[in-house]
Amino acid sequence: MLVGAPGPIMEPSPTPLLTLRIRHDQDVVAARQRAGDLSNLLGFDAGEQTRIATAVSEIVRNAVRYAASGETVFAVDRESKPQALVITVTDRGPGIPHLDRVLSGRYKSSTGMGLGIAGARRLMDDFDIESTARGTRVTLRKALSPRAQPVTEARIESIVRAVRSRQPSGIAEEFQRQNQELLRALDELQTRQDELVRLNRELEDTNRGVVALYAELDEKADHLRRADELKSRFLSNMTHEFRTPVNSILGLCNLIAEDRQREGDETEQEVIYIRKAAEQLSELVNDLLDLAKVEAGKTTVRPGPMDVTKLFGALRGMLRPLLLNQSVSLVFDAPEQLPTITTDEAKLSQILRNLISNALKFTERGEVRVAAALADGGEAIAFSVADTGIGIAPADQERIFEEFTQVEHRLQRGVRGTGLGLPLSKRLAELLGGTLRLDSEPGAGSTFTVTLPLHYTADEAEPEVAWTPDPDKRPVLVVEDKPDEQLIYEKLLKATRFQIYPAVSVEQAERALTIMRPALVILDIRLRGVESWDFLLRLRRDPGTQDVPVIVITSLDERDRAFALGAQACFAKPVSRRALLNTMEALTSGSSAEPTRVLLIDDEEISRYIIAQALDGACPLTACADAAEGLRRAREHETDVILLDLMLPGMTGWEALDVLRDDAATRDLPVIVVTASALDPAGRDQLLRHARDVISKGDLTRERLLGAIAAAVHR
């Protein structure tokens, strides 16, 4: 080595505490005791002491058994962070064969070698083993607790003196100590088990409470949704009924006033009060009905080209008579080089009229300024109505868009209002594909901004259907408003004998019926927020479509109503392909559009219930609890297929099969055996000589049952 050249950097070695020679089984006990004593003096808790002592005894036992002699060194690594107890066990034995398999836990010898090594490895933080034909070296490492006192030179001397002063106990005492440790561990395990059981019980109670709460919330949400739908449908359908009496009152008041003027008399004050009240009621009714029509989806958007300058001119002439306060001016900023906008001019005018009239009501002095400018990079126009009025507090800026909400203010008592103008304006803006935004500061005024796209496009415009009839397929009218659902039906019926004619609304479905006669109709009940029960009723009443079978497939729980209005089958979404195809085949087979009638003969109530649920309305079901009643119904031609159990009271299913085959009236009726009996191949083959199919109740599924029925009927 050159003079002055740096030498290799040596890592500091752990400070030794104690060294034990290994020769006899008694040394295994001594090593375990010393490991427990040292770990106790170093501040490990009782559980860690047991783990360290157990790991050391296992490694030392291996050294005694396979090498006959060795050495165990206990040391402390004071330089590591955290400090650690290091135990090194070396022997001069023949080494460990199959070391990789031993460490992985896959090696099991007749003496158990490998189990101790793998177990010790799991008990310590670090485990290193080197084994050759000249011997084995195992290093075990356990980090000291952060709460333990740091190990210093003085403390090391104290620990060494304490360990040397303790005489090793005998094997009996060590067994007693190990038993105590085992009892302590078992007691701790039992405590944890009891705590786990308690926590699981509390978790189950909590889960039941959460499930009950969700069920209650779902039920209330469903009630609210239904109530809201009923309210919107009721109001939107009662437009004429509401407006007629109000208009009659106004007309009568005007006639009375004109008569008095013609006769030179003064109109009675009562008539004036009645007319004012009727005008207020008319305003309320108009706003309420417009809002309800928007919510019910019955408002028609009629887009067309519109010039903003002409719109502002019309609004100026229309609203100037409302300007009664001379301290307030109504200003329309001249639009500069704005392009023509394609939207519903009447609805945009209604929005701006509401906003301007509100601004005039709540502005005592200053101005109301109406302007328009390009927005969103030239893709939209923002119409703004700014005033210098009372302003709106931040806490109320969301509330004013709620129905019948009016902010308390001294000016409020002096002006009339329904609390529906702003909610209606917001709904109309959204209907036109835009937004309504508010910026306001109390005492400084408010600015309402309506942003509309330059070109209105309906979100769900009805697509034009390019449909060419396939003479080899049967047309199916699918009335479904969701494109993904239409795609599903297209995939479900691909490669079948059916051809889809898609319709996204009742109107489109009715137009389709003028150009084609479907073999079957698949109908969703909710179409763009509107229910299609009326369409189903018209199908049943129209002589041209009353024989066309209808399958209702919907997310609503309305099976009874669907059947009452004339549907032949009703499924809840999502419907399986096999169940749908089987039902369609059954409804369109032959000249009859009637669904397949099923007669079930089974004495078990639960089995009858399960089969009824499996059919789920796809086929009309008649259930009998005994063979005699079932045979009577079969002879009266009340069924197209029989589901027969084998174990029946009075007459077995085998005997019933013989009766059915011997009777000319029932000989040709297809029979499907549905049984819980275990059949060997010979018994099954014997049944299939007289029955079309055999289904085990343990394998009963909706698809299996409907498939068997369809195959039996159409064979």
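The values are calculated or read from the model by the stated rules, or taken from the named source; none is laboratory data. Bear in mind that the values here come from a model prediction, so they are computed numbers and not experimental data. Cβ sites come from the backbone with ideal geometry, for glycine too, and all protein chains shown count toward neighbours. Keep in mind that these areas ignore ligands, DNA and RNA; they rest on the heavy atoms of the full protein, side chains included. Shrake-Rupley method; radii C 1.70, N 1.55, O 1.52, S 1.80 Å.
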Discussion item. Taking amide H atoms as placed 1.01 Å from N in the peptide plane, list the residues 5 or more away in sequence, or in a different chain, whose amide H sits under 5 Å from that of Phe571.
Written reply: Val552, Ile553, Thr554
Worksheet item: When the Karplus curve 6.51 cos²θ - 1.76 cosθ + 1.60 is applied with θ = phi - 60°, which whole-Hz ³J(HN,Hα) does each residue of region 24-33 get, with x for Gly and Pro?
Response: 10, 4, 4, 5, 5, 5, 5, 4, 5, 5
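Could you work out what % of the accessible surface of region 498-648 is carbon and sulfur, using a 1.4 angstrom probe and leaving DNA, RNA and ligands out of the count?
Working: 3100 of 6370 Å².
Exposed carbon and sulfur together represent 49 percent of the surface.
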Worksheet item: At a Förster distance of 60 Å, what's the computed FRET efficiency of Glu130 paired with Asp194, Cβ-Cβ distance as r, to 0.05?
Response: 0.85
Response to the item:
Once phi for every residue in region 61-68 is put through the Karplus expression 6.51 cos²θ - 1.76 cosθ + 1.60 (θ = phi - 60°), the whole-Hz ³J(HN,Hα) values, with Gly and Pro written as x, are 4, 4, 5, 5, 6, 9, 10, 6
Discussion item. Under the 0.36 nm per residue contour assumption, what length would be gained going from the current alpha-carbon distance of Gln26 and Thr435 to full extension?
Written reply: 138.4 nm
Worksheet, complete the sentence: Percent of all alpha-carbon pairs of region 486-548 at distances over 18 Å, whole number, is 38
Worksheet entry | Charge dipole of region 6-98 about the Cα centre (unit charges at C-beta), most positive-ward option of Thr88, Thr15, Gln26 | Gln26
Fill in: Burial order of peptide ranges 364-372, 334-342, 647-655, 567-575 (average beta-carbon count within 10 Å, highest first)
567-575, 364-372, 647-655, 334-342
Item to complete: State the Kirkwood hydrodynamic radius of region 468-579 in Å, one decimal place, computed from all pairs of distinct Cα atoms.
Response: 14.1
Worksheet item: Which cross-chain or sequence-distant (5 or more) residues have an amide H under 5 Å from the amide H of Leu144, H modelled 1.01 Å from N in plane?
Response: Gln83, Ala84, Leu85
Discussion item. Is the C-alpha gyration tensor of region 594-715 telling us rounded, prolate or oblate? Criteria: a/c under 1.5 is rounded; beyond that, a/b larger than b/c is prolate, otherwise oblate.
Written reply: rounded
Response to the item:
Here FRET efficiency (C-beta to C-beta, Gln269 to Arg320, R₀ 30 Å, nearest 0.05) is 0.55
Worksheet item: How far, in nm, would the chain grow between Met516 and Thr342 when pulled straight, counting 0.36 nm per residue and subtracting the alpha carbon separation?
Response: 59.1 nm
Worksheet item: Rounded to the nearest 5, what % of the DSSP beta bridges within region 480-583 are antiparallel ones?
Response: 20
Fill in: Accessible area expressed per residue, region 590-657, with surrounding protein chains retained (probe 1.4 Å, Å²)
46
Worksheet entry | Violating pairs (Cα-Cα greater than 32 angstrom) within the set Lys473/Lys573; Lys220/Lys347; Lys220/Lys494; Lys482/Lys697 | Lys220/Lys347; Lys220/Lys494; Lys482/Lys697
Worksheet, complete the sentence: Sorted by chain and then number, the residues having a modelled amide H within less than 5 Å of the amide H of Val368, at least 5 places away or on another chain, are Ser329, Leu330, Val331
Worksheet item: R0 = 30 Å: FRET efficiency of Glu636 with Ser696, Cβ-based, nearest 0.05?
Response: 0.50
Worksheet item: Tell me, what ³J(HN,Hα) does each residue in region 599-615 have, in order and in whole Hz, if you take phi through Karplus 6.51 cos²θ - 1.76 cosθ + 1.60 with θ = phi - 60° and put x for Gly and Pro?
Response: 10, 9, 10, 7, 7, 8, 4, 5, 5, 4, 5, 4, 5, 4, 5, 5, 5
Response to the item:
For region 16-75, the per residue accessible area (1.4 Å probe, Å²) is 38
Practice prompt. Mind giving me the nanometre distance, one decimal, between the label points for Tyr609 and Val301, set 7 Å out from Cα along Cα→Cβ?
Written response: 5.0
Response to the item:
Burial-style ranking of 684-697, 307-320, average other-beta-carbon count within 10 Å with highest first, yields 684-697, 307-320
